[in-house]
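Notes to accompany the following structure.
No lab work stands behind these numbers, since they all come straight from the coordinates. Being a predicted model, the structure only gives us computed values, none of them experimental. With ideal geometry, Cβ positions are generated from the backbone for all residues, glycine too; neighbour counts draw on all protein chains shown.
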């Protein structure tokens with residue numbers, strides 16, 4: 001396996017719609033394995049094929065780890081998904097605000113509103129049909145990665161222009177909020 005170069009803005013491949021995956025052959029399996037390794041090395045929770053220069057409707061996603069009552073990460077609790085030719089077939093009306101980052105826009109984060117629940121139809125790494133019902137942060141990750149396949153970046157969906165920060169600015173904001181809460185108690 002190999003670590004692939006991650007394409008960053010303003011590379012035009014990030015703005016193009018991708019083409020369907022039609023062959024689930026050894027070359028595709030190698031690409032998928034390399035994408036998984038690249039995503040984990042970055043580190044990230046999702047990586048779409050255009051982010052590694054491939055104009056294919058393909059993404060890899062690894063969910064956030066589950067935590068126990070004490071806030072400790074539960075070992076082996078992350079779930080890995082490989083989705084080819086995904087389509088969101090239903091979205092809940094309820095939306096949630098969340099702060100997102102992107103491996104193709106390093107050093108920045110922004111606030112985006114996304115559907116709380118979605119249903120996705122796709123194919124797995126071998127071309128078998130998948131139907132997924134997703135909620136919360138997992139639904140957010142899927143929506144973010146599927147947007148990549150349509151040439152859409154999270155910065156296109158910011159709740160407001162001022163809700164876009166460097167990672168350092170956002171970290172400072174969070175620390176200030178925590179300090180205010182501690183003083184209020």
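In the elastic network of the chain, a GNM with C-alpha springs shorter than 10 Å, the most mobile of 113, 92, 104 is 92. Descending by average beta-carbon neighbour count within 10 Å, the peptides 30-43, 168-181 line up as 30-43, 168-181, the highest first. Taking the DSSP beta bridges with both ends in region 12-184, the antiparallel portion is around 95 percent. When the helices of the chain are scored as -39500 (n - 2.57) per DSSP H run of n ≥ 4 and the total is divided over every residue, the value at 222 nm lands at -8500 deg cm²/dmol. Can you give the angle from 0 to 90° between the axis of helix 26-41 and the longest principal axis of the chain, with both taken from C-alpha atoms, to the nearest 10? The answer is roughly 10 degrees. Let me test this: with uniform point scatterers at the alpha carbons of region 75-185, what is the Debye-based log₁₀ I(q)/I(0) at q = 0.10, 0.22 1/Å? Debye output, listed in q order: -0.37, -1.23.
For the chain, the longest principal axis of the Cα atoms and the long axis of helix 167-184 meet at an angle of about 40 degrees.
Considering the chain as a Gaussian network with a 10 Å cut-off on Cα pairs, which listed residue, 66, 117, 129, attains the greatest mean-square fluctuation? Sorting by GNM fluctuation, first place goes to 66. Computed from label points 7 Å out along Cα-Cβ, the spacing between residue 90 and residue 121 is 1.2 nm. Given their separation in residues at 0.36 nm each and the Cα-Cα distance between them, residue 131 and residue 23 gain 36.9 nm when the chain is fully extended. Per the Debye calculation on the chain with a single equal scatterer at every Cα and no solvent contribution, log₁₀ I(q)/I(0) for q = 0.11 Å⁻¹ amounts to -0.51.
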